[in-house]
Amino acid sequence: MADIGKDIERPLGQTLRPQRKTSRGFSGGTLAAVAAVLGVIGVSGAIALREKPFRKPQEVAVSTPKVVAAPATPAPAPAPAPVAAATPQASTPMKSGGPQIIHVQTEEGDGPPKAAIVIRDPSTLGQNLKVAHIPDRSLIEASATGPLPMRSADGRRPFDAYARPWSGTRGARVAIVIGGLAVSQTGTQAAIAKLPAEVTLAFAPQGNSIGRWMQAARQSGHEIVMQVPLEPFDYPNINPGRNTLTVSASPDENLKSLHWALSRTTNYTGVMNYMGARFSADASAMEPFMAELGKRGLAYIDDGSSSRSVAPDLALKDGVPFVAGDMAIDAVQDRGEILKKLDSLEATARAKGSAVGIGSAFDITVDTVTSWIAEAKKRGIEIVPISAVAIDPQKG
């Protein structure tokens, strides 16, 4: 009855809802749902953390190499001795602006290295041009008339020490010697300034300020030789100048005259005759002269004006580097004629490998030679110093 009373008192239109049962725990269905959700989250996390892509690593292009820890290795062996500094050998001429002959020792020790790296630039055949004008004191003998060239205590020769660098190749080579330097001051200055550095310059011993001109020539890159006056036919009507060596003079007198010429300056590779058709044809006169050149380590350049010269045989006998001129290029002072001679030199060089032209420091010669060389180089002709074409008995 109590329940009926309560129904009467309930507002109209509302029905009695059954009372829910409460519990502190979760029902079995709820737990199952939670577990399902956690499972989905776990699988998703595993997928997210898994290495990508899902293929074998070796089948995938990788832009950055994977860093793998290196396995443990034994302690490294002691480092080898440091490589010796690459320095030119004492006997190796140096050249600015290029590699030197370098011997790199790979192991310490006084004996020869077990392995070596040799870097060789053919253009280093000759003196370092930065110091070319400075005399090598070990190659100088003091005399009453001035410094005389001599071999050094270790056997080095002025011929080697003062040689201008060249390529060392065996293509067509032309050597040109322009003589008469130091006779005319303006002419000498023009020749040194205009002529390509590959041209060899010959100084007349009677000239003035030879030491100053020698330095200017060497600083400009020229190899130089000293001219020596030798007796021509019809001497003294034709006179080469002061202190000419003659066939009638004694060997001592001729050596005194030779020493005077040699002492006029330094830093030259050899001597070239000035005239001398009669002297160079006389073996008794030439033998002491050539022996002295061999003793002092100088070359002899025969200008080729005399077919009777005994110089080639004596040079071989006395160990003197020898060069014979092929032709005089300016016997006729005309540009066209000089060019013909120079073209003939080129043809000779192509035929036999090298050719030697001899000229004088006339303005027309200097200008013509300068322009011809510029064109000859384009045709593959190498202009070389006179030492580059010398026959050297000491080098086989």
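The values are calculated or read from the model by the stated rules, or taken from the named source; none is laboratory data. Only a predicted model underlies this, so the values are computations on that prediction, with no experimental measurement involved. Heads up, the Cβs are rebuilt from the backbone with ideal geometry, glycines too, and the neighbour counts pull from every protein chain shown.
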Filter result (in a loop (DSSP other than H, G, I, E, B) and touching a residue at least 24 places away in the same chain (Cβ under 8 Å)) within the stretch 135-153: PRO135, ASP136, SER143, THR145, GLY146, PRO147, MET150, ARG151
Residues satisfying the stated conditions in the stretch 326-372, i.e. of a type in the set (Gly, Ala, Ser) and crowded, with 23+ Cβ neighbours inside 10 Å: ALA349, ALA355, GLY357, GLY359, ALA361
Number of positions in the stretch 210-245 that are in a loop (DSSP other than H, G, I, E, B) and either under 22 Å from the mean Cα position of the chain (by Cα) or under 14 Å from THR266 (Cβ atoms) (or both): 4
Candidates ARG218, ARG242, ARG212 - the one that is assigned by TED's automatic domain parsing to the domain that holds SER387, of a type outside the set (A, V, I, L, M), out of contact with any strand residue (DSSP E or B) (no Cβ under 6 Å at 6 or more places or on another chain) and in contact (Cβ under 8 Å) with a residue 60 or more places away in the chain: ARG218
Which numbered condition TRP260 fails, given (1) under 25 Å from the mean Cα position of the chain (by Cα); (2) of a type outside the set (A, V, I, L, M); (3) not in a loop (DSSP other than H, G, I, E, B): (1)
Restricting the stretch 269-290 to residues that are in contact with a Leu (Cβ under 8 Å, 6 or more places away or on another chain) and hydroxyl-bearing (Ser, Thr, Tyr), the residue that is farthest from LEU255 (Cα to Cα): THR269
Subset tally (residues that are over 25 Å from GLY353 (Cβ atoms), among the charged types (D, E, K, R) and either surrounded by fewer than 17 Cβ atoms within 10 Å (Cβ to Cβ) or in contact with a Lys or Arg (Cβ under 8 Å, 6 or more places away or on another chain) (or both)) for the stretch 287-316: 4
So VAL320, is it part of a loop (DSSP other than H, G, I, E, B), within 29 Å of GLY211 (Cβ to Cβ), in the same structural domain as ALA175 (by TED's automatic domain parsing) and within 29 Å of the chain's Cα centre (by Cα): yes
Any hit, the stretch 343-361, residues being within 15 Å of PRO196 (Cα to Cα), part of a helix (DSSP H, G or I) and either at pLDDT 95 or above or not polar (S, T, N, Q) (or both): no
Test result for VAL310, hydrophobic (A, V, I, L, M, F, W, C) and under 23 Å from TRP166 (Cα atoms): no
Residue in the stretch 171-189 that is surrounded by fewer than 24 Cβ atoms within 10 Å (Cβ to Cβ), in contact with a Lys or Arg (Cβ under 8 Å, 6 or more places away or on another chain) and in a loop (DSSP other than H, G, I, E, B) present: yes
